[in-house]
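Just so it is clear, none of the values below were taken in a lab; they were calculated from the coordinates. In this text, all values refer to a predicted model and were calculated from it rather than measured experimentally. Heads up, the Cβs are rebuilt from the backbone with ideal geometry, glycines too, and the neighbour counts pull from every protein chain shown.
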Amino acid sequence: MNMPSSTTKPFGQTATNVGEQAASAADSAIRSTQRTADEAFDALSNKVDDLRSQAAPLINRVSAKAEDAAKRGLEAMRDSSQQLREKAQLASESTVAYVKDEPVKSMLIAAATGALLMGLVSLMGRSRD
């Protein structure tokens, strides 16, 4: 039987050393991967912060423009509404003035308009049946 010499390591010791080296290499690879992942997450976080700081003024400008557009729209509606009221008032005043100036003609026009509307209502009622 050959006995191991004092300069050679037993097989079990060599296997243990190889296992420890493999475990150490794996630990080193894991730490390196974690460091790389941490650096990537830090870079991504910084990029998100940069984008957020760049987007905030843009969002504020868009919001301000939308608010201005809404205000202009409301003002335009108010102006249009006021113009319609004024036109309706003028039409009412001119109608009253016409009726005062031409009472007989106004009555005949009103009667003819009423008869025409009744005829249309009657025709519509028949077409449904």
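A few remarks follow.
- Placing a pseudo-label 7 Å from each Cα along the Cα-to-Cβ vector at Lys105 and Ser127 gives an inter-label distance of 3.3 nm.
- Extension reserve of the Asp79-Ala29 stretch, reckoned as 0.36 nm per residue once the Cα distance is removed: 10.7 nm
- Computed magnitude of the charge dipole of the range 18-99 (debye, nearest 20; Cβ of K, R +1, Cβ of D, E -1): 480 debye
- The range 54-71 and the range 77-122 have Cα centres spaced 46 Å apart.
- Gained length - Leu90 relative to Gln54, 0.36 nm times residue gap less alpha-carbon distance: 7.5 nm
- Between the helical axis of 103-128 and the longest alpha-carbon principal axis of the chain there is an angle of about 50 degrees.
- Taking Cα atoms only, the orientation of helix 11-101 departs from the longest principal axis of the chain by about 10 degrees.
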